1. Let me spell it out: the conditions are (1) assigned to a loop (DSSP other than H, G, I, E, B); (2) surrounded by 10 or more Cβ atoms within 10 Å (Cβ to Cβ), and Glu56 meets all of them except one. Which number is the exception?
2. Across segment 92-105, what is the total count of residues that are under 15 Å from Val10 (Cβ atoms), in a loop (DSSP other than H, G, I, E, B) and in contact (Cβ under 8 Å) with a residue 24 or more places away in the chain?
3. Test Met1 against the stated conditions and say whether it is within 15 Å of Lys84 (Cα to Cα) and modelled with pLDDT under 90.
4. Give the residues of segment 41-53 that are surrounded by 13 or more Cβ atoms within 10 Å (Cβ to Cβ), of a type in the set (A, V, I, L, M, F, W, C) and without any contact (Cβ under 8 Å) to a residue 40 or more places away in the chain, sorted by residue number.
5. Part of a loop (DSSP other than H, G, I, E, B), over 12 Å from the mean Cα position of the chain (by Cα) and surrounded by 10 or more Cβ atoms within 10 Å (Cβ to Cβ): which single residue out of Leu28, Leu71, Leu62 fits that description?
6. Kindly indicate whether any position in segment 64-77 is among the aliphatic types (A, V, I, L, M) and touching a residue at least 40 places away in the same chain (Cβ under 8 Å).
7. Give segment 10-25 a look and list any residue that's buried (at least 17 other Cβ atoms within 10 Å of the Cβ) and either of a type in the set (A, V, I, L, M) or under 15 Å from Lys100 (Cα atoms) (or both), or say none.
8. How many residues does segment 74-91 contain that are small (Gly, Ala, Ser), closer than 19 Å to Leu102 by Cβ and not in a helix (DSSP H, G or I)?
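The values are calculated or read from the model by the stated rules, or taken from the named source; none is laboratory data. Here the structure is a predicted model, which is why all the values come from computation and not from measurement. Note that we place each Cβ from the backbone using ideal geometry, even for glycine, and neighbour counts take in every protein chain shown.
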Amino acid sequence: MHVDDQKDVVLAFVTTSQLQFFKDNPKLESEIVRIEPGRFAAFTRETAIDCREVYEMRIDSLHSLQKKGKLSFRGQVPASIMQKVLDTVRSSRLLSRKLKRLLGS
């Protein structure tokens, strides 16, 4: 999620198809966005975007990782899913106000 044009910074979220942790901890359901299989081509299994931790990353660092073969881009997340991520971050009980302000919250 691109948030700072001056610094060319994006916010990155961990995604996982290992969902047992969230099933075992239902209170965390409000901190994730679930994506059904096939909703986004990169996720062939049910996947969760974990909004509890957000990582600021510079775009040039991501491009460097891509050139080294350590990162690949799998397309753009649909707008409807991005909106769910924004809503989840905005309502998060765990994330700082500073981080939420980066998202215009």
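1. (1)
2. From segment 92-105, those under 15 Å from Val10 (Cβ atoms) are 99, 102-104; that's our starting set.
Cutting the leftovers down to in a loop (DSSP other than H, G, I, E, B) gives us 103-104.
From what's left, in contact (Cβ under 8 Å) with a residue 24 or more places away in the chain: 103.
So the answer is 1.
3. In short, yes.
4. Ala42, Phe43, Ala48, Ile49, listed by residue number.
5. Going through Leu28, Leu71, Leu62 in turn, just one is part of a loop (DSSP other than H, G, I, E, B), over 12 Å from the mean Cα position of the chain (by Cα) and surrounded by 10 or more Cβ atoms within 10 Å (Cβ to Cβ): Leu71.
6. The answer is no; no qualifying residue exists.
7. Leu11, Phe13
8. Qualifying residue count, segment 74-91: 0.
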